[in-house]
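Notes follow the structure.
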Amino acid sequence: MNRLQGKVALVTGAGRGIGRTIADTFAREGATVIATGRSEANGFADGVEYHRLDVSSDADWARVVGEVTGRHGRVDVLANNAGVIAYESLHELTVESWQQVVAINQTGVWLGMREVVPHMQRTGGGSIINVSSIWGSVAVAGAHAYHATKGAVRNMSKSAAITYARENIRVNSLHPGFIRTPLTEAQDPEINEFVIGQTPMGRAGDPQEVANGALFLASDESSFVTGSELVVDGGYLAQ
Ligand code: NAP
C-alpha cells in the first residue's frame with residue numbers, strides 16, 4: 001500500500017484490459033490516477049479521474065495534460081499503454097491500416113512523452129512506462145505493423161531515457177507476453193493456443209502480473225532503473 005503516495009499518474013487505454021488494471025493498481029497504491037481512453041468508461045476505483053483521450057490526437061494530449069497540470073500541478077508517472085494489433089502480413093497491409101497502427105502504437109507514445117516531459121522537467125523528474133510487447137523484440141509471421149511499432153516503442157524508450165537521464169526522468173519499456181484481456185479474447189483462438197503453447201510456463205498471464213511490473217517502474221523503488229526492458233512473459237523471450 002501507498003507505494004505511489006503523492007504521485008499523479010496518467011494511464012492511456014485505461015478503459016479495459018492491462019490499462020484498466022494498471023489504473024486500479026496505481027490508485028490502490030495511493031496515486032492520484034488520471035485514467036484515459038478514447039471511448040466512454042466507468043466503474044473505476046474512487047478517486048480515479050477519467051478523461052477522453054485518443055492517443056493519436058495531438059490536440060487531445062494538449063487538452064488533457066493541460067487540464068491535469070492545471071488541477072494537480074504535475075504529472076509524475078505516464079503509462080503509455082494504449083495499443084492495437086492487426087494480423088496482416090507486410091504484403092497484405094493497406095496504407096490506411098499501417099497508418100492506424102503506427103498512429104496509435106508509436107506516434108501516440110511519442111506524443112504522450114512530448115506532452116508530459118516539460119512538466120516533469122519543471123517538477124524535477126518522473127517515470128514514463130511505455131508498453132511494448134514480446135513482439136517488440138522477436139517476431140511471428142503475419143503482424144508486420146504491430147512488430148514495427150512495438151520495436152519502435154522499445155528503442156524510443158531508450159532514446160528518451162538517455163536524453164532525460166540527468167533530469168531524473170526515467171523511461172522504461174514494459175514487455176508483456178500473452179495476457180488474457182479483451183484484446184486476446186477477441187482474436188482467433190488458434191493464435192492464442194499457439195502463443196500459449198510457445199510460452200514456457202504454459203499459461204496466459206493475468207493483467208495484474210503486468211500491472212505489478214508497471215507499479216515497480218512507477219514507484220521510487222526503481223529509482224536507478226532507466227532505459228531498461230521489463231519482460232513479463234512466462235519465459236517466452238528466454239528461448
Ligand atoms: P485491450 O484489451 O484491447 O485494451 C486496449 C485499450 O486501449 C482499450 O481500452 C482501447 O480503447 C484503448 N485504445 C485503443 N486505441 C486507442 C486510442 N487511439 N486512444 C486511446 N485509447 C486507445 O488491449 P490489452 O491487451 O489490454 O493491451 C494493452 C497494451 O498491452 C497494448 O499496447 C498491447 O499492445 C500491449 N500488449 C498486450 C498483450 C496481450 O497479450 N494482451 C501482449 C503484449 C502487449 P477502445 O475501447 O476505445 O478500443
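The values are calculated or read from the model by the stated rules, or taken from the named source; none is laboratory data. Small disclaimer: the values here were computed from a predicted structure and weren't measured. Don't worry about glycine lacking a Cβ; one is built from the backbone with ideal geometry, like all the others, and counts go over all protein chains shown. In case anyone asks, the SASA skips ligands and DNA or RNA and just uses the protein heavy atoms, side chains included. Shrake-Rupley method; radii C 1.70, N 1.55, O 1.52, S 1.80 Å.
What percentage of the solvent-accessible surface of the range 147-202, computed with a 1.4 Å probe over protein heavy atoms, is contributed by carbon and sulfur atoms?
Exposed carbon and sulfur together represent 51 percent of the surface.
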- Query: What Rg and what Dmax come out for the chain when only alpha-carbon atoms are used, in angstroms?
  - Reply: 16.8, 49
- Got a number for carbon plus sulfur as a percent of the range 39-97's accessible area, 1.4 Å probe? 46
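Mind giving me the FRET efficiency for Glu96 and Thr163? R0 is 25 Å, r the Cβ-Cβ distance, nearest 0.05 is fine.
Values: r = 32 Å, r/R0 = 1.29.
Given R0 = 25 Å and the Cβ-Cβ separation, E is 0.20.
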- Message: Using helices alone, I'd like the mean residue ellipticity at 222 nm for the chain: each DSSP H run of four-plus residues gives -39500 (n - 2.57), total over residue count, nearest 500.
- Response: -12500 deg cm²/dmol
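Heavy atoms only, probe 1.4 angstrom, no DNA, RNA or ligands counted: give me Ile129, Ile191 ranked by accessible area, highest first.
Ile191, Ile129
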- Task: Between Asn2 and Glu67, with labels modelled 7 Å along Cα→Cβ, what's the label distance in nm to one decimal, could you check?
- Result: 3.1
- Task: Pull up the DSSP beta bridges for the chain and report the antiparallel fraction as a percent, rounded to 5.
- Result: 0
- Message: As I understand it, the value is the acute angle between the Cα axis of helix 108-123 and the longest principal axis of the Cα atoms of the chain; what does it come to in degrees, rounded to 10?
- Response: 20
- Message: Based on the alpha-carbon set only, what is the convex hull volume of the range 143-239 divided per residue, in Å³?
- Response: 109
- Note on the structure: Nearest 10, in degrees from 0 to 90: the angle of helix 58-72 to the longest Cα principal axis of the chain is 40
- Message: Sort Leu90, Leu78 by heavy-atom solvent-accessible area, probe 1.4 angstrom, most to least.
- Response: Leu90, Leu78
- Task: Go through 131-137, 53-59 and give me the packing order, highest mean Cβ count within 10 Å leading.
- Result: 131-137, 53-59
- Message: Taking the solvent-accessible surface of protein heavy atoms with a 1.4 Å probe, what is the per residue accessible area of the chain in Å²?
- Response: 45
- Note on the structure: Of Glu96, Glu115, Glu88, the most mobile residue in a GNM of the chain (C-alpha springs, cutoff 10 Å) is Glu96
- Ranked order, Trp61, Trp98 - accessible area, probe 1.4 Å, largest first: Trp98, Trp61
- In degrees, nearest 10, the alpha-carbon axis of helix 17-28 is tilted away from the dominant principal axis of the alpha carbons of the chain by 30
